[in-house]
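Enquirer: Handing you this structure, nothing more for now.
The values are calculated or read from the model by the stated rules, or taken from the named source; none is laboratory data. Owing to the predicted nature of the structure, the values given are computational and were not obtained by experimental measurement. Neighbour counts run over all protein chains shown; Cβ positions are idealised from the backbone, glycine included. Keep in mind that these areas ignore ligands, DNA and RNA; they rest on the heavy atoms of the full protein, side chains included. Shrake-Rupley method; radii C 1.70, N 1.55, O 1.52, S 1.80 Å.
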Amino acid sequence: MRLSIRFSIVLVLLLICVMPSIPAGAQIQIRGGGYGIRLEPEGDDAENFSKASWGGGLYLIMAPPGMSDFFAGVAGLDFINMLNQTIEFHEQVTGLRIEQQTNQWLSRFYVGGRFGHQGHGLLRPYVGANLALNYYTISTDVVIPDDKDYENEIRQNLEKKSELAFGFDASLGIEFNIKDVFCIDAGAKYLKTFSVPQQLGPDAEKIHPQYVLMYVGFNIRFQ
């Protein structure tokens, strides 16, 4: 784990050092795209307080001039729904249906890089690592639904909490390059987050969850 953290820090520092040294007028290869996410908990800290989740993300890939044969910087955002639960109650006298709706989201902003060929070629495998800022939110609402018109439902927020935590990831993936313009991108990441409260509850014990994130998406070259 320490090796992965060091690898992530080295990549970020490399990106920071390289960008100011790019000559004026030099063209940076920039690609942007999106992807779907499947997040699987790994280990007791994650498995005891979360389940397999779905989400999506957006990212930018920037290959500096002269380095596109082996390195590119990466920055992106992930949005993952970790809990979407509805518990239904019925008022005993009238039979009125009441729902308790709970949603938990994980949002990740990450920056780092990847090592791998960024130029011509159909298959472009790569490895990478990123440092991440993770934003956990959990919200619970009580809802009296209107089956005829959902806009007329009565909703009251019972609780909303959020928490910031730092983490890192290490990735392994492959791009399928189509005419140097469009790429299909697929791979997996090992994610680690530090000091997250259990379910964001009051006075909850801090946990350090880890996950396996699988993704499939695309990116398009802008310049």
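Enquirer: In region 59-151, if the dipole is taken from +1 on Lys/Arg beta carbons and -1 on Asp/Glu beta carbons about the Cα centre, which of Trp105, Asn130, Gln92 is farthest to the positive end?
Expert: Sorting the options by dipole projection puts first Asn130.
Enquirer: Find out how many positive minus negative residues lie around Val216, taking Lys and Arg as positive, Asp and Glu as negative, among other residues whose Cβ is under 12 Å from that of Val216. Display every interim value, and only then the final one.
Expert: Details: positive: Arg38; negative: Glu175, Asp185.
Result for the neighbourhood of Val216: -1.
Enquirer: Determine which aspartates and glutamates satisfy two conditions relative to Lys51: a Cα distance under 18 Å, and not lying fewer than 8 residues away in the same chain.
Expert: Cα-Cα hits under 18 Å: Glu40, Glu42, Asp78.
Enquirer: Got a number for the accessible area of Glu151? Probe 1.4 Å, square angstrom, nearest 10.
Expert: My reading of the accessible area for Glu151 is about 140 Å².
Enquirer: Whenever you get a sec, line up Phe182, Phe109, Phe166 from highest to lowest accessible area (probe 1.4 Å, protein heavy atoms).
Expert: Working: Phe182 75, Phe109 105, Phe166 145 Å².
The most accessible residue leads, giving Phe166, Phe109, Phe182.
Enquirer: Please list Lys51, Lys179, Lys161 in order of solvent-accessible area, largest first, computed with a 1.4 Å probe with all protein chains present.
Expert: Correct descending sequence by accessible area is Lys179, Lys51, Lys161.
Enquirer: With the full set of protein chains in place, find how many percent of the accessible area of region 83-125 is carbon and sulfur; take the probe as 1.4 Å.
Expert: Carbon with sulfur: 61 percent of the solvent-accessible area.
Enquirer: When Lys and Arg each count +1 and Asp and Glu each count -1, what net charge do the other residues less than 11 Å away from Leu106, Cβ to Cβ, add up to?
Expert: Once positives and negatives cancel, what remains is -1.
Enquirer: By accessible area of protein heavy atoms, probe 1.4 Å, what ranking do Ser195, Ser50 get, highest first?
Expert: Numbers: Ser195 50, Ser50 25 Å².
Of Ser195, Ser50, the descending order of accessible area is Ser195, Ser50.
Enquirer: Moving on. FRET efficiency for His120 and Phe194, Cβ-Cβ distance as r, R0 = 45 Å, nearest 0.05?
Expert: Details: r = 40 Å, r/R0 = 0.88.
Result of the calculation: an efficiency of 0.70.
Enquirer: Here's a follow-up. Excluding Asn130 itself, calculate the net charge of residues whose Cβ lies under 13 Å from the Cβ of Asn130, where each Lys or Arg counts +1 and each Asp or Glu counts -1.
Expert: +2
Enquirer: Please work out how much length the chain gains when fully extended from Gln223 to Gln27, using 0.36 nm per residue of separation minus the C-alpha to C-alpha distance, in nm with one decimal.
Expert: So the chain would gain 69.8 nm between Gln223 and Gln27.
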